[in-house]
Amino acid sequence: MAQTIPAEQKWWSGGKSPFNLEYGKVMIWYFLMSDSFTFGALLISYGTIRFASNGWPDPNEVFQSFPGLGDGLPLLFVSLMTFILIMSSVTMVLAVHAGKNMDRKNVIKYLIWTIIGGLAFLSCQALEWTHLYHEGAWWGINPFLNADGTPANANFTNFFFTITGFHGFHVFSGVVLNIIMLIMTINGVFDRRGHYLMIEKGGLYWHFVDLVWVFVFTMFYLL
Amino acid sequence: MAHTTTAHAEHGGTKEIWKVFWILLVLTIVELGFGFLMMDWPEQSLKRHIVKGIIIILMLAKAFYIIAYFMHLKPEIKTFVMTVAIPMLLFIWFILAFLMDGNAFRNLKNEYDPYHKEVTTTPIDKEKAIHEHGKDAVKPGELE
């Protein structure tokens, strides 16, 4: 699992970073760890309320529209959103890889693709939210019945809009960070520094956003 | 900083990146396949629970691939991996405790509040409900 370390190497006797990682990278990991507890708290409270309810709306009835194609198409639009986010995660990791090779041209290329992916995802989310709003769903209002035809309350929409909104806000922050990093790359800041560690840290954040979507997508649209 | 960049040079080539991409894509398609498969199955049926369990396992597999390869945690020093991974174990307690609590709350409420049970388990007419509980009507949360 870990990289091979010579048995006699003294990592903890000073003069060397015991984690063999730069300070900022260690800290972004711990930030992401704390952020995962925030998302965990939101998703687990969603699970708790769902377990405490006698009925719950069927996601295939709620999320069944595709812009331009109409209704009756469950899972299709969210599949597209998931694919966009996975794709942008791949272009981000390619940008990180290019950064490790000090390959400025490719870093710029892949960062632009990642930004486009992030914006495409946010646009899809905006479309979905607008559509649901026009169906009468919003915080505090739930027009959908439970899967078994019993009356539902607003728990479903409250959790849906809060959690996907919080995730969308993370995506938005990630896009802003990527744009800042793109400008810095174009200006040659990282070449002057002699390393592209900033891209690696931004990349970690971006992958985390993708990671959270894996959970949000599964829990809201599939289960 | 040179040591951090050179130490990982042999890991995370573009070939590995695309391999992980295909794994993630296949896992997602399989998840969606299960989603379509169980679409018409009755809620709370055993086969539906089993498929949901499989979907959760696939979800965790995707999370592993993203963390290990895209976020590059796998080749890091094990001590560091543990400082991130061990606090995550709290989630085991967190999920078990809260889901069991929700379940117990539902059972207690159904047992001691017959009115709640009747209201939440009696199907209602959909058209009428949308009319009554739509955007301009009372908030559905007030039903309870």
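The values are calculated or read from the model by the stated rules, or taken from the named source; none is laboratory data. The structure presented is a predicted model; accordingly, all values stated were derived computationally and were not measured. In this analysis, Cβ positions are derived from the backbone assuming ideal geometry, glycine residues included, and neighbour counts consider all displayed protein chains.
Taken together, A:Ile116, A:Ile163, A:Ile199 contain a single residue that is more than 8 Å from chain B (Cβ to nearest Cβ) and closer than 27 Å to B:Leu37 by Cβ, which is A:Ile163.
What do you reckon, is A:Ser17 farther than 25 Å from A:Glu128 by Cα and hydroxyl-bearing (Ser, Thr, Tyr)? Outline the logic, then answer.
Values: farther than 25 Å from A:Glu128 by Cα: yes; hydroxyl-bearing (Ser, Thr, Tyr): yes.
Yes, satisfied.
Note on the range A:53-76: residues that are over 21 Å from B:Pro42 (Cβ atoms) and either in contact (Cβ under 8 Å) with a residue 60 or more places away in the chain or within 12 Å of another protein chain (Cβ to nearest Cβ) (or both) amount to 4. Within the range B:78-94, the residues that satisfy the criterion of being within 16 Å of A:Trp12 (Cβ to Cβ), facing chain A (nearest Cβ under 7 Å) and surrounded by fewer than 18 Cβ atoms within 10 Å (Cβ to Cβ) are B:Lys78, B:Thr79.
Pick out the one residue from A:Ile199, A:Ile183, A:Ile179 that is in contact (Cβ under 8 Å) with a residue 24 or more places away in the chain and surrounded by fewer than 22 Cβ atoms within 10 Å (Cβ to Cβ).
A:Ile179
Residues that are assigned to a helix (DSSP H, G or I), within 7 Å of chain A (Cβ to nearest Cβ), under 30 Å from A:Tyr133 (Cα atoms) and modelled with pLDDT of 90 or more: does the range B:122-134 have at least one? The answer is no; no qualifying residue exists. B:Phe21 satisfies every condition listed in (1) more than 7 Å from chain A (Cβ to nearest Cβ); (2) surrounded by 13 or more Cβ atoms within 10 Å (Cβ to Cβ); (3) modelled with pLDDT of 90 or more except (1).
For B:Tyr69, the stated conditions do not hold, so it cannot be described as more than 9 Å from every other protein chain (Cβ to nearest Cβ) and either farther than 18 Å from A:Tyr46 by Cβ or at pLDDT 95 or above (or both). The lone criterion from (1) among the polar types (S, T, N, Q); (2) facing chain A (nearest Cβ under 9 Å); (3) surrounded by fewer than 19 Cβ atoms within 10 Å (Cβ to Cβ) left unmet by B:Ser45 is number (2). A search for C-beta distances below 7 Å between a residue of the range B:68-81 that is not assigned by TED's automatic domain parsing to the domain that holds B:Lys19 and any residue that is surrounded by fewer than 19 Cβ atoms within 10 Å (Cβ to Cβ) and part of a helix (DSSP H, G or I), counting only pairs 6+ apart in sequence or on different chains, returns nothing. Against the criterion of being more than 11 Å from chain B (Cβ to nearest Cβ), within 18 Å of the chain's Cα centre (by Cα) and either under 27 Å from A:Phe190 (Cβ atoms) or assigned to a helix (DSSP H, G or I) (or both), A:Phe83 does not qualify.
Quick check on B:Phe105: is it assigned to a helix (DSSP H, G or I), hydrophobic (A, V, I, L, M, F, W, C) and at the interface with chain A (Cβ under 7 Å from one of its Cβ atoms)? If you could, list the steps in order and put the result at the bottom.
Working: assigned to a helix (DSSP H, G or I): yes; hydrophobic (A, V, I, L, M, F, W, C): yes; at the interface with chain A (Cβ under 7 Å from one of its Cβ atoms): yes.
It is true that B:Phe105 is assigned to a helix (DSSP H, G or I), hydrophobic (A, V, I, L, M, F, W, C) and at the interface with chain A (Cβ under 7 Å from one of its Cβ atoms).
Does any residue of the range A:31-50 turn out to be more than 30 Å from B:Met100 (Cα to Cα) and at the interface with chain B (Cβ under 9 Å from one of its Cβ atoms)? No; the residues of the range A:31-50 include none that is more than 30 Å from B:Met100 (Cα to Cα) and at the interface with chain B (Cβ under 9 Å from one of its Cβ atoms). Where residues in the range B:28-42 are more than 9 Å from chain A (Cβ to nearest Cβ) and under 30 Å from A:Thr91 (Cα atoms), which of them is surrounded by the most Cβ atoms within 10 Å (Cβ to Cβ)? Residue satisfying both the conditions and the ranking: B:Val30.
Looking at A:Ile49, is it of a type in the set (A, V, I, L, M, F, W, C), out of contact with any helix residue (DSSP H, G or I) (no Cβ under 6 Å at 6 or more places or on another chain), assigned to a helix (DSSP H, G or I) and on the phi < 0 side of the Ramachandran plot? Spelling it out, it is not the case that A:Ile49 is of a type in the set (A, V, I, L, M, F, W, C), out of contact with any helix residue (DSSP H, G or I) (no Cβ under 6 Å at 6 or more places or on another chain), assigned to a helix (DSSP H, G or I) and on the phi < 0 side of the Ramachandran plot.
Kindly evaluate A:Lys16 against the criterion of being within 28 Å of A:Leu204 (Cβ to Cβ), modelled with pLDDT under 90 and facing another protein chain (nearest Cβ under 10 Å). For A:Lys16, the condition - within 28 Å of A:Leu204 (Cβ to Cβ), modelled with pLDDT under 90 and facing another protein chain (nearest Cβ under 10 Å) - is met.
Residues that are closer than 22 Å to A:Ile84 by Cβ and of a type in the set (Gly, Ala, Ser) are absent from the range B:11-28.
Regarding A:Ser45, is this residue within 16 Å of A:Leu223 (Cα to Cα) and of a type outside the set (A, V, I, L, M)? In short, yes.
Matching residues to (1) within 17 Å of the chain's Cα centre (by Cα); (2) under 27 Å from B:Ser45 (Cβ atoms); (3) in a loop (DSSP other than H, G, I, E, B):
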site: A:Leu145; (1), (2), (3): no, yes, yes
site: A:Phe156; (1), (2), (3): no, yes, no
site: A:Ile163; (1), (2), (3): yes, yes, no
site: A:Phe169; (1), (2), (3): yes, no, no
